[in-house]
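**Q** One structure coming up, written as structure tokens, with questions to follow.
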Amino acid sequence: MRNDKEDALSQSLRNLHPVRSAATQRPSRRTVLQNIGIAGLSLAVSPAFADEMVKLPFASGPRERPITHAFPQKGDMILQRVRPPLLETPLDVFDRGVFTPNDQFYVRWHWAEIPNSVDVNAFRLAVRGHVDRTLSLSITDILRDLPRVELAAVNQCSGNSRGFFSPRVPGAQWANGAMGNAKWAGVRLKDVLDRAGVKAGAVQVRFKGLDEPVVPEAPTFRKSLAIDHARDGEVMIAYAMNGEQLPLLNGFPLRLIVPGWYSTYWIKMLSDIEVLDKPDDNYWMTVAYTIPDTPHASIAPGQSGVKMVPINRMVPRSFFTNITDGASFTAGTRVPLRGIAFGGDTGVAKVEFSSDGGKSWQPARLGDDFGKYGFRQWQTDVALADKGDHALMVRCTNSAGEVQPDTPNWNGSGFMRNVIETVQVKAV
Amino acid sequence: MLKGLAAIGCFGTALLCSTPAWVQDLPVIKSTTVELPAGDALFPGGSSAEAINNNCLACHSPDMVLNQPPLPKAAWEAVVHKMINVYKAPIGEADVPAIVSYLVKTKGKD
């Protein structure tokens with residue numbers, strides 16, 4: 001009986017007929033729904049994604065996640081969800097350098113209809129709406145006709161570190177690995193908009209990628225930027241990441257880069273740019289990805305009636321990358337400590353380190369500066385004279401003078417965590 | 001040499017600068033086809049998971065749900081209704097109590 005049902009499932013999966021559009025392939029929604037119906041009746045079990053498990057240091061469970069290498073163009077990743085993929089970068093990756101390798105760069109999709117094939121010759125980027133000329137740009141048009149720009153920038157999920165919220169909140173239960181830093185190469189959004197000719201009265205620019213909801217009536221994922229932001233000369237359309245084309249799961253072939261802002265705006269598989277003459281009222285701007293309009297986007301659990309605004313710029317953060325909770329040192333011996341920091345929407349002014357639980361702070365040495373929006377490595381060394389438990393802390397101050405707070409923020413979506421990080425170690 | 005200098009100019013001083021086409025060759029962007037894992041696992045629990053398996057797996061695999069911290073019943077009800085009302089999940093009203101009940105039993109707290 002069980003075998004019969006499994007056979008039916010695998011047969012139906014084999015029979016999936018991808019719908020071909022000009023540039024992309026994806027299984028049709030109806031086929032997916034039909035097959036899931038069959039899967040729902042079967043006794044299929046979870047495929048073995050990995051033998052190895054990782055324990056995320058949350059206050060409560062579940063803490064265990066598989067380490068997976070089952071995803072295309074991806075190495076070992078922490079598996080948060082198979083479909084649509086949520087893949088977290090393991091912490092030790094950040095210890096190896098300030099640029100996060102493409103094959104371990106985190107992955108986050110909202111909707112499950114993700115094209116698994118993109119034909120570069122057929123792909124077109126539309127620029128339309130409140131413009132003088134509607135454009136349909138090929139990859140070649142973009143590569144050949146527009147000035148190439150490069151920029152190092154951190155891409156961080158709004159909900160990075162959500163699993164550390166107390167009380168816990170629903171959503172992807174990320175530890176600190178829903179972030180990465182890459183050298184992005186592409187063209188300025190401004191140059192693309194200028195080609196189309198933005199008409200007077202434009203207020204926002206809306207972006208959409210090739211991903212679609214399984215249920216057609218569901219709100220497609222679209223995000224908007226104010227027209228002045230879109231034309232600031234820094235927002236760009238990337239076709240390369242760390243010197244290579246983007247992995248499909250990171251947004252191949254084109255991704256919007258919004259330096260200093262949370263990743264929700266960094267639309268993957270960017271295919272549609274729409275200049276708007278009135279504010280975007282779509283769900284993903286007005287309801288989802290909104291934060292309390294309060295300091296640190298923080299409210300008391302249960303507090304209501306707070307004005308909400310779209311999430312926007314990032315805030316400073318810093319991390320230890322060569323030690324974790326429970327590390328043990330020989331008392332009195334100097335040990336190296338290092339990590340990464342970023343300033344949010346501006347550069348890192350300083351990184352400080354405390355070995356007495358935050359009573360006193362010493363400056364850490366900063367590594368090379370690859371640009372104000374990227375990761376910056378920091379390092380120092382410490383000798384813990386007294387045997388016993390010690391709280392090591394690190395904090396970043398950005399070049400606007402904004403420093404990480406010493407108490408965690410809280411909001412119902414688990415957004416914008418940037419409290420000073422603490423690692424509990426022991427001197428023996 | 002010129003290429004090296006241009007790169008230093010780019011990353012050493014300016015945040016964003018264009019590099020003339022004669023300095024850097026255009027990158028090659030190649031068509032890409034991948035295979036994504038099916039993510040066709042079921043919620044565990046046999047018959048108690050029937051409603052959640054029949055209604056929820058079209059749009060997402062079970063793992064992220066099972067990774068959630070324990071949440072109060074009201075929070076799980078809110079999640080299920082968000083799936084229906086906002087994300088237009090085709091969930092029959094009659095199945096809602098069984099789905100919430102499964103979530104509370106599996107991932108619930110007072």
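The values are calculated or read from the model by the stated rules, or taken from the named source; none is laboratory data. Because the structure is predicted, anything quoted here is derived from the model rather than measured. Neighbour counts are summed over all protein chains in view; Cβ atoms, including those assigned to glycine, are modelled from backbone coordinates with ideal geometry. Note: areas computed on protein heavy atoms with side chains; ligands, DNA, RNA excluded. Shrake-Rupley method; radii C 1.70, N 1.55, O 1.52, S 1.80 Å.
**Q** Can you name the residue in the stretch A:283-295 that is outside any loop (DSSP other than H, G, I, E, B) and under 19 Å from the mean Cα position of the chain (by Cα) and, of all such residues, is surrounded by the fewest Cβ atoms within 10 Å (Cβ to Cβ)?
**A** A:T290
**Q** Are there any strands (runs of 3 or more DSSP E) wholly within the stretch A:56-120 with 3 or more residues that are in contact (Cβ under 8 Å) with a residue 24 or more places away in the chain, and if so which?
**A** Passing ranges, in order: A:77-81, A:86-88.
**Q** Hey, which of the strands (runs of 3 or more DSSP E) in the stretch A:304-420, taking only ones fully inside, have at least 2 residues that are touching a residue at least 40 places away in the same chain (Cβ under 8 Å)?
**A** Ranges flagged: A:317-320, A:334-342, A:348-354, A:376-383, A:388-398.
**Q** Now for a different question. I'd like to check something: does the stretch B:47-63 contain any residue that is within 23 Å of A:V54 (Cα to Cα) and surrounded by fewer than 19 Cβ atoms within 10 Å (Cβ to Cβ)?
**A** no
**Q** Please state which one of A:R255, A:R231 is open to solvent by less than 30 Å² (accessible area, probe 1.4 Å) and touching a Lys or Arg at 6+ places or on another chain (Cβ under 8 Å).
**A** When all the criteria are applied, what remains is A:R255.
**Q** Mind checking whether some residue in the stretch B:18-29 is at the interface with another protein chain (Cβ under 9 Å from one of its Cβ atoms), modelled with pLDDT of 95 or more and touching a Lys or Arg at 6+ places or on another chain (Cβ under 7 Å)?
**A** No, the stretch B:18-29 has no match at all.
**Q** Within the stretch A:199-214, restricting attention to residues that are open to solvent by less than 10 Å² (accessible area, probe 1.4 Å) and either free of Cβ contacts under 8 Å to residues at least 12 places away in the same chain or touching a Leu at 6+ places or on another chain (Cβ under 8 Å) (or both), which residue is nearest to the other protein chains (Cβ to nearest Cβ)?
**A** For the stretch A:199-214, the residue satisfying everything is A:V214.
**Q** Can I ask one more? If we keep just the residues of the stretch A:104-135 that are in contact with a Gly (Cβ under 9 Å, 6 or more places away or on another chain), open to solvent by 20 Å² or more (accessible area, probe 1.4 Å) and away from chain B (no Cβ under 13 Å), which is nearest to B:P37 (Cα to Cα)?
**A** A:Q104
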